[in-house]
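Notes for the one structure printed next.
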Ligand code: HEC
């Protein structure tokens, strides 16, 4: 559930408890069902990408450029680092510090950037 959807649900539950609809029996608050992964959001990815710039921001030897690479390739690389299928000390820490959704957001951001010449 997105934060906004959760707030709406919580507000609605509060309305019910407050007796705005007195005929409605008060329902116990339930844990939100796991939501489907949100669509990759490059705007949010831009914010996350600030944490990548320290290493990926310039022509640092051994640090590949990410701009303009395909979303699928970037996403797959991040998932591989996170799962340990691809091992790299720094990128493992970075990838695991992001949620799967955040890995999608940041991949979408870099995929939408023009490739550096
Ligand atoms: C501490 C430095 C550092 C930071 C911070 C960092 N990276 Fe990396 N990244 C690397 C290095 C070094 C590699 C090359 C690792 C390898 O050879 O597998 C790499 C590789 C990658 C790759 C694989 C590229 C390829 O050509 O296969 C992706 C994708 C990636 N980083 C994404 C990110 C994203 C997204 C962030 C920010 C959320 C980030 N990195 C932050 C150092 C960093």
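The values are calculated or read from the model by the stated rules, or taken from the named source; none is laboratory data. In this text, all values refer to a predicted model and were calculated from it rather than measured experimentally. Cβ sites come from the backbone with ideal geometry, for glycine too, and all protein chains shown count toward neighbours.
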Checked against (1) farther than 19 Å from residue 38 by Cα; (2) outside any loop (DSSP other than H, G, I, E, B), residue 85 satisfies every condition except (2)
Restricting the first residue to the stretch 78-102 and requiring it to be closer than 20 Å to residue 42 by Cα and touching a residue at least 24 places away in the same chain (Cβ under 8 Å), which pairs with a second residue that is more than 7 Å from the ligand (Cβ to nearest atom) and assigned to a helix (DSSP H, G or I) meet a Cβ separation below 6 Å and a spacing of at least six or different chains? 78/95; 78/103
Restricting to the stretch 66-82, and then to whatever is buried (at least 16 other Cβ atoms within 10 Å of the Cβ) and not in a helix (DSSP H, G or I), can you tell me which residue is farthest from the ligand (Cβ to nearest atom)? 69
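Say whether the condition of being at pLDDT 90 or above and within 18 Å of residue 105 (Cβ to Cβ) is met by at least one residue in the stretch 54-63. Steps first, please.
First, pick out the residues of the stretch 54-63 that are at pLDDT 90 or above: 54-56, 61-63.
Then keep just the ones that are within 18 Å of residue 105 (Cβ to Cβ); that gives 56.
Scanning the stretch 54-63, I find at least one residue that is at pLDDT 90 or above and within 18 Å of residue 105 (Cβ to Cβ), so the answer is yes.
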Pull out all pairs, ordered by first then second residue, where Cβ-Cβ is under 6 Å, the residues are six or more apart or on different chains, the first lies in the stretch 54-70 and is without any contact (Cβ under 8 Å) to a residue 24 or more places away in the chain, and the second is assigned to a loop (DSSP other than H, G, I, E, B) and surrounded by 11 or more Cβ atoms within 10 Å (Cβ to Cβ). 56/63; 56/66
Modelled with pLDDT of 90 or more, assigned to a loop (DSSP other than H, G, I, E, B), within 12 Å of the ligand (Cβ to nearest atom) and out of contact with any strand residue (DSSP E or B) (no Cβ under 9 Å at 6 or more places or on another chain): is that true of residue 48 in this structure? no
